[in-house]
Protein chains: 4
Amino acid sequence: MTHLIHDVARLTPRIRRLKGQVAALEKALAGQPECIAVLTQIAAIRGAAQGLLLEVLEGHMQAHVAGEKNPARRSAEVAAIHKVLRSYLK
Amino acid sequence: MTHLIHDVARLTPRIRRLKGQVAALEKALAGQPECIAVLTQIAAIRGAAQGLLLEVLEGHMQAHVAGEKNPARRSAEVAAIHKVLRSYLK
Amino acid sequence: MTHLIHDVARLTPRIRRLKGQVAALEKALAGQPECIAVLTQIAAIRGAAQGLLLEVLEGHMQAHVAGEKNPARRSAEVAAIHKVLRSYLK
Amino acid sequence: MTHLIHDVARLTPRIRRLKGQVAALEKALAGQPECIAVLTQIAAIRGAAQGLLLEVLEGHMQAHVAGEKNPARRSAEVAAIHKVLRSYLK
């Protein structure tokens, strides 16, 4: 059930963009930003992280659940995915 | 209604931690990480961004709604905050 | 800090609609529904509940934070609201 | 790709509970409830709907992705699930 991630090329630019958003926020904070602007930046970062989560989830399910030949491994993978989702989403 | 952010000292370490989480994910991707590990890292980043959003929201409401003397400005500020929330949360 | 809710007339139709969505889902379940249809109905219910939460939050903040004359009560109200948000959102 | 839902017996009590929560909220609204109490009830309903979404998602993925023999159908099912998630989660 150890699956190496396969879509590095697709994820890397999105993660760099997220990194850029966080760095921009850190920089903005140093310059006494306006409150609503900070709230908007953080809401956008949260949205980007949520979008990334859905994308990784779909890529993972396509590669390692839909693409897995062994039914017991598919079932264990679905259980592992949902253990993560239940821990982090409320 | 232009309020400068006031709790930079409290937010900065949290934003640095978030930046560190995103940098760690970017680094992990370069080394063929295991899929569930990546999913867990991204779920944690999303959770950190969500927690930060709630914290900034509370700080902002305390400083610029509860702490604002002019009732019309308080009302306009609440409307501005919710415009952001409605745009980003679904 | 005990505030009676003031926008009953505005909330009631939304809550009835939500109730209708849940009743429709319960009824659908009795008739062997298609899986994706059930997933869609539940996702819509979750979205309706999230939208209702934002609306009640804004109404409450307008009425009992922006509209409250006593600054200490405004501050206590913001703290009470965020205690609820932190308990339920992750 | 048309899958009938299989875990009606497990879902029905949860949906009834959710229905009860919405009915209790509707009833409370008729009696001039306290604002924070309403906010708490709605946050709990949103949490129940989110939890139900994760449960239906896992049940569906176990039954119709992990349990599906045809790889093309598994892949189409994952795509259909994510279309719903992308529409409703932000």
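The values are calculated or read from the model by the stated rules, or taken from the named source; none is laboratory data. Here the structure is a predicted model, which is why all the values come from computation and not from measurement. Virtual Cβ from ideal backbone geometry, glycine too; neighbours counted across all protein chains shown. When the accessible area is computed, the model is the full protein with side chains, heavy atoms only, and any ligands, DNA or RNA have been set aside. Shrake-Rupley method; radii C 1.70, N 1.55, O 1.52, S 1.80 Å.
Mind checking the per residue accessible area of the protein assembly as shown for me, 1.4 Å probe, whole number of Å²?
Values: 15280 Å² over 360 residues.
With the other protein chains kept in place, the protein assembly as shown gives 42 Å² per residue.
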Legend entry - For segment D:1-71 versus segment A:1-54, the gap between their alpha-carbon centres in whole angstrom: 30
Inset, instruction - Just need the relative contact order of segment B:8-88 here, percent rounded to a whole number, with Cα pairs under 8 Å and 6+ apart. - result: 22
Legend entry - Set A:90/C:69; B:69/C:90; A:90/D:27 screened for pairs whose C-alpha atoms are more than 30 Å apart: A:90/C:69; B:69/C:90
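Stokes-Einstein diffusion coefficient for chain D at 37 °C in a medium of 0.692 mPa s, Rh from the Kirkwood formula over Cα pairs: what value in µm²/s? The partial results should precede the final answer.
Details: Rh = 15.3 Å.
For these conditions, the coefficient is 215 µm²/s.
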Legend entry - Point-to-point label distance, residue B:12-residue C:26, nm (Cα→Cβ direction, 7 Å offset): 5.5
Legend entry - Teacher prompt: residue D:71 distances to equivalent labels in other copies, 7 Å Cα→Cβ, nm: 1.7, 6.8, 6.9
Inset, instruction - Please report, in Å, the Rg and the Dmax of the protein assembly as shown, where both are computed over Cα atoms only. - result: 21.8, 66
Inset, instruction - Would you mind computing, in nm to one decimal, how far apart the modelled labels at residue A:90 and residue D:86 are, each placed 7 Å from Cα along Cα→Cβ? - result: 3.0
Legend entry - Label-point separation, residue C:72 to residue B:73 (7 Å along Cα→Cβ), nm: 2.3
Inset, instruction - Enter the angle in degrees (range 0 to 90, nearest 10) between the Cα long axis of helix D:8-29 and the first principal axis of the Cα atoms of chain D, meaning the one along which they spread out most. - result: 30
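Tell me: how much accessible area in total is hidden between D and A, 1.4 Å probe, Å², nearest 100? Walk me through the numbers before you get to the answer.
On the way: alone 7050 and 7030 Å², together 12200 Å².
Roughly 1900 Å².
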